[in-house]
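Each reported figure results from applying straightforward, stated rules to the coordinates on display, with no laboratory input. Computed from a predicted model, the values in this text were never measured in an experiment. Reconstructed Cβ throughout: ideal geometry from the backbone, glycine too, with neighbour counts over all protein chains shown.
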Amino acid sequence: MSGPQCCENPPILNPSCGAGHVEQLCGLNTYIVGSQDSKLAILLLSDIFGYEAPNFRKIADKVAAAGFYVVAPDYFNGDYFAPDNPERPLTVWIEDHGTVCVFSYLP
């Protein structure tokens with residue numbers, strides 16, 4: 001388990017940042033950037049703060065600029081960790097977002 005430092009200085013989420021766009025893919029909102037014609041593709045998974053974090057999207061954009069087609073789904077369905085919510089500390093949030101949550105989207 002990570003220490004409390006991982007939750008210090010959380011990002012200010014911005015759903016409109018980045019060079020890509022958001023579309024539905026397999027029932028999930030997904031940030032997509034890069035050329036669909038690329039022979040290289042990568043699936044990026046966000047940290048607990050979600051796919052709307054500006055630095056996460058900057059990473060996706062840089063990977064796309066290197067020639068990859070980047071797909072970053074919102075496996076949390078907008079339910080990102082909010083460190084300022086005392087009713088839902090990290091341990092509680094993690095219980096609601098285990099591996100079963102992610103694998104339920106796979107065909």
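Remarks
- Segment 1-69: trypsin sites (Lys or Arg not before Pro) in DSSP coil with no more than 12 other Cβ atoms inside 10 Å: LYS39
- The angle between the Cα long axis of helix 54-65 and the main principal axis of the chain comes to about 20°, on a 0 to 90 degree scale.
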